[in-house]
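Taken together, the values in this text are just the output of simple stated rules run on the coordinates, not laboratory data. On a predicted model such as this, the values are computed, not experimentally measured, just so you know. Backbone-built Cβ (ideal geometry, glycine too); neighbour counts: all protein chains shown.
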Amino acid sequence: MRKIAKLSTAVLLLFTLAACSNDVAEKAAAKKEAAQLAEQKKAEALKIVQQQEKHASKVVAKAQKKLDWATYKKAKKVVNQLQQTDEKDKLVNKLTGIKKKIVKNERIAAKKAEAAKQAENAKQAEIAKQAEAEPQTLTAFVNKYGMSPAAYKVQYQGMSEEQALRSTPDAMKTSGEMQIGYIKYGIE
């Protein structure tokens with residue numbers, strides 16, 4: 001009976017050890033599987049972050065080429081959505097540089113526009129000044145240029161006689177020019 005009890009105890013001990021061994025192996029396998037799953041998720045998350053950073057880099061590069069506010073704002077929005085990484089810091093610095101260039105370009109464009117406006121105003125003032133200086137009577141024109149306005153247009157402006165007579169007001173024509181215009185060209 002003792003032998004049976006010892007034998008039963010030994011068998012029971014064997015089963016217990018086998019069960020413990022299986023339990024330890026299962027726990028180790030589960031732990032290993034959990035670690036692999038965590039690594040896989042970490043790798044997938046890293047891949048997603050890298051794809052987002054790559055996309056953001058392309059958008060920022062486009063903003064660097066275009067240098068306009070719409071593209072800059074789009075790039076800033078994309079970069080702001082990134083997780084905090086060294087790459088995000090680099091892109092934020094690039095965006096700061098892009099913003100400065102856009103502002104600088106706008107200032108240059110504004111200065112050029114102002115200079116062009118001033119040049120146009122000066123040109124218009126000069127034209128107005130010359131218009132005021134032009135003789136307003138036939139006598140004043142003849143005294144200044146030595147010929148009538150119609151003759152001046154033919155000789156110096158390359159007009160035909162008919163064009164010159166048609167474009168000159170009657171008050172600025174000589175009596176001979178008025179007669180030629182009426183007889184030759186039917187100008188009344």
Next on the checklist: Under the 0.36 nm per residue contour assumption, what length would be gained going from the current alpha-carbon distance of K31 and Q50 to full extension?
Outcome noted: 4.0 nm
Item to check | Length added when fully stretched, Q118-Q163, from 0.36 nm per residue minus Cα-Cα | outcome: 12.6 nm
Next on the checklist: Between Y145 and V103, what is the label-point separation in nm under the 7 Å Cα-to-beta-carbon projection?
Outcome noted: 5.6
Item to check | Sum of side-chain charges, E33 neighbourhood, beta-carbon under 14 Å (Lys, Arg +1; Asp, Glu -1) | outcome: +2
Item to check | Candidate lysines for bridging to K41, where Cα separation is under 16 Å - those fewer than 8 sequence places away on the same chain excluded | outcome: K31, K32
Checklist entry - If the cut-off is 17 Å between C-alpha atoms, which aspartates and glutamates fall inside it for K111, apart from same-chain ones fewer than 8 positions away? => result E120
Checklist entry - When a footprinting reagent is the concern and you count Cβ atoms within 10 Å, what order do Y72, Y152 take, fewest first? => result Y152, Y72
Next on the checklist: Need the list of lysines near K58 for cross-linking: C-alpha distance under 20 angstrom, and skip anything on the same chain fewer than eight residues off.
Outcome noted: K47, K66, K73, K74, K76, K77, K88, K90, K94, K99, K100, K101
Checklist entry - Taking a spot 7 Å from the Cα of A171 along the direction of its beta carbon, which residues of segment 95-134 have an amide N less than 19 Å from it? => result 130-134
Checklist entry - To the nearest 500 deg cm²/dmol, what mean residue ellipticity at 222 nm is calculated for the chain from DSSP H runs of n ≥ 4 alone, each contributing -39,500 (n - 2.57), summed and divided by the residues? => result -29500 deg cm²/dmol
Checklist entry - In the set [x] 1.22; [y] 1.78; [z] 1.11, which value of Rg/Rh (Cα atoms, Kirkwood Rh) was calculated from the structure you see? => result [y]
Checklist entry - Where does segment 134-188 land on the Kirkwood hydrodynamic radius, alpha-carbon pairs, in angstrom? => result 11.1
Item to check | Selection from A110, T96, S167 lying farthest towards where the dipole of the chain points positive, charges on Cβ | outcome: T96
Checklist entry - With each pseudo-label sitting 7 Å past Cα toward Cβ, what's the K6-K129 distance in nm, one decimal? => result 13.3
Checklist entry - Quick one: which of 170-181, 119-130 comes out on top by average Cβ neighbours within 10 Å, and what's the full order, highest first? => result 170-181, 119-130
